[in-house]
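Notes for the one structure printed next.
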Amino acid sequence: MEILSIKGTQETPEILFDKAAGIFSISGKSLPEDVKEFYNPVLSWIEEYATSPNPETRLKVKMDYFNTASSKMILELFELFKGIIDGGHKVIIDWYYQEDDEDMQDAGVDYADILEIPFEFISYQPLND
């Protein structure tokens, strides 16, 4: 399966999905002009991955910010991972949030509650630029 690698910009997150290496990560900001155009290739990749997933998948999500339209696409993405769990495979979502960003922490808690899938919450201190 080909690696999905999308370089992050000021408006779109960096995405790296590499089945062979077991790397699944999304990080940065998500406020693309056209969320469907941006996320459709990501959703398609996960759909293909779901047909033959690794025994364990650990998705690292480290978002600084996402808009409402992106939050709906992220939910769709998580729903695909829930399907992998429902198929008998292990999926863990590592939800990173800056220790002083309660909104981002709450967003992760909301996703975990809605989907009833395992989330691990990891707070971190931002690096000073």
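Bear in mind these aren't lab numbers, they're just calculated from the coordinates by the rules spelled out. Just so we're clear, the structure is a prediction, and the values are computed from it rather than from any experiment. Virtual Cβ from ideal backbone geometry, glycine too; neighbours counted across all protein chains shown.
List of remarks:
- Where trypsin sites (Lys or Arg not before Pro) fall in DSSP loop in segment 2-36, at most 11 other Cβ within 10 Å: 7
- For the chain, averaging the sequence separation of C-alpha pairs within contact (under 8 Å, six or more residues apart) and dividing by the residue count gives a relative contact order of 20 percent.
- For the pair residue 20 and residue 47 in one chain, pulling the backbone fully straight at 0.36 nm per residue adds 8.1 nm over the alpha carbon distance.
- Point-charge dipole on Cβ atoms (K/R +1, D/E -1) for the chain, about Cα centre, debye to 20: 500
- Label corresponding to volume of the Cα convex hull per residue in Å³ when calculated from the structure given, among (1) 112; (2) 104; (3) 268: (2)
- Segment 9-30 and segment 68-129: distance between their alpha carbon centers, rounded to Å: 14
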